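Report on one structure; see the data block that follows.
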Amino acid sequence: MKIAITGKPGSGKTTLVKSLSIFLKSMGLPLWGFYTEEVRERGKRIGFDLVEVASGRRLPLARAGKGRFTVGKYRVEVQNINSFLEKREGVLILDEVGKMELLSREFKDFLEEVLGGDGDVILTFGLNIPQELRSKIEGKFEVYFLTPTNRNRLEEKIKEKLRHELGNKKD
């Protein structure tokens, strides 16, 4: 089972992935991977954290400022992305495949392995990823385009698919 979710910034991709993670845990399925979360200080976004779905461990993904790797106004902590790539059993959650994550050579190699593998994966991807990568994802995954208006309906549709396809994979 391979599900990919895309949409404009702010459409709710991360919120949906977090909800699906909770749903999968309630089914007794092991999860691994990460989601990204905004970090705010005094109401202003200062960066993003990576959050491990299994443990809740957090590491900085990006912070405002310049550095060796930058996207927009953010310094990207590539080494932290790499620390989340240890293969495990269960459903892999990748939120997201985007410009920041793709700065990591290890992440790109890991993603190629995931795209070529047969494991269960839920990922999100930004609309601005390279077309070649987007085409690979669209060729291997069932892709859902998320909008604020279809968010609830799409969440229920994906949960039903997960229930049907993964309900018998509990350990």
Query raised in the report: Give me the pairs: first residue in the range 7-26 and at positive phi, second residue surrounded by fewer than 19 Cβ atoms within 10 Å (Cβ to Cβ) and not polar (S, T, N, Q), beta-carbon distance under 6 Å, and six or more apart or on different chains, which are they?
Result: GLY7/PHE145; GLY12/ARG151
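Give the residue that is nearest to LYS2 (Cα to Cα), with candidates limited to residues of the range 124-146 that are exposed (fewer than 13 other Cβ atoms within 10 Å of the Cβ) and touching a residue at least 40 places away in the same chain (Cβ under 8 Å).
Filtering first and then ranking leaves GLU142.
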Query raised in the report: Filtering the range 8-37 down to residues that are hydroxyl-bearing (Ser, Thr, Tyr) and either over 12 Å from the mean Cα position of the chain (by Cα) or assigned to a strand (DSSP E or B) (or both), which residue is farthest from LYS161 (Cα to Cα)?
Result: THR36
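Looking at this structure, is VAL78 among the hydrophobic types (A, V, I, L, M, F, W, C) and within 14 Å of the chain's Cα centre (by Cα)? Explain how you work it out, then say what you get.
On the way: among the hydrophobic types (A, V, I, L, M, F, W, C): yes; within 14 Å of the chain's Cα centre (by Cα): no.
For VAL78, the condition - among the hydrophobic types (A, V, I, L, M, F, W, C) and within 14 Å of the chain's Cα centre (by Cα) - is not met.
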Query raised in the report: Residue check: is SER55 within 27 Å of GLY119 (Cα to Cα) and either touching a Pro at 6+ places or on another chain (Cβ under 7 Å) or acidic (Asp, Glu) (or both)?
Result: no
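Of the residues GLU155, GLU165, GLU160, which single one is at pLDDT 95 or above, among the acidic types (Asp, Glu) and out of contact with any helix residue (DSSP H, G or I) (no Cβ under 8 Å at 6 or more places or on another chain)?
Values: GLU155 fails: out of contact with any helix residue (DSSP H, G or I) (no Cβ under 8 Å at 6 or more places or on another chain); GLU165 fails: at pLDDT 95 or above.
Within the list GLU155, GLU165, GLU160, the selection yields GLU160.
Yes/no per residue for (1) touching a strand residue (DSSP E or B) at 6+ places or on another chain (Cβ under 8 Å); (2) at pLDDT below 95:
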position	(1), (2)
VAL39	yes, no
GLY56	no, yes
PHE84	yes, yes
GLU132	no, no
Query raised in the report: For the range 70-105, what are the residues that are under 30 Å from GLU165 (Cα atoms), of a type outside the set (A, V, I, L, M, F, W, C) and surrounded by 14 or more Cβ atoms within 10 Å (Cβ to Cβ)?
Result: ASN82, SER83, GLY90, ASP95, GLU96, GLY98, GLU101
Report task. Report, by residue number, each residue of the range 88-142 that is of a type outside the set (Val, Ile, Thr), outside any helix (DSSP H, G or I) and within 14 Å of TRP32 (Cα to Cα). Result -> ARG88, GLU89, GLY90, LEU92, LEU94, ASP95, GLU96, GLY119, ASP120, LEU123
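Any chance you could count how many residues in the range 51-84 are part of a loop (DSSP other than H, G, I, E, B) and either under 26 Å from SER26 (Cβ atoms) or in contact (Cβ under 8 Å) with a residue 40 or more places away in the chain (or both)? Steps first, please.
First pass over the range 51-84, keeping only residues part of a loop (DSSP other than H, G, I, E, B): 53-57, 65-69, 72-73, 77, 83-84.
Right, trim to either under 26 Å from SER26 (Cβ atoms) or in contact (Cβ under 8 Å) with a residue 40 or more places away in the chain (or both) and you get 53-57, 84.
Number satisfying all stated conditions: 6.
Is it fair to say VAL121 is modelled with pLDDT of 95 or more and within 18 Å of THR6 (Cβ to Cβ)?
On the way: modelled with pLDDT of 95 or more: yes; within 18 Å of THR6 (Cβ to Cβ): yes.
In short, yes.
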Report summary line: If we keep only residues of the range 39-55 that are among the charged types (D, E, K, R) and in contact with an Asp or Glu (Cβ under 8 Å, 6 or more places away or on another chain), then the residue nearest to VAL78 (Cα to Cα) is ASP49
Report task. Please name all residue pairs, on different chains or six or more residues apart, with Cβ atoms under 8 Å, provided the first residue is in the range 149-170 and is closer than 10 Å to PHE23 by Cβ and the second residue is of a type in the set (S, T, N, Q). Result -> GLU155/SER19
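The values are calculated or read from the model by the stated rules, or taken from the named source; none is laboratory data. Worth saying up front: this structure is predicted, and the values here are computed from it rather than measured. Methodologically, a virtual Cβ is constructed for each residue, glycine included, from the backbone with ideal geometry; neighbour enumeration extends over all protein chains shown.
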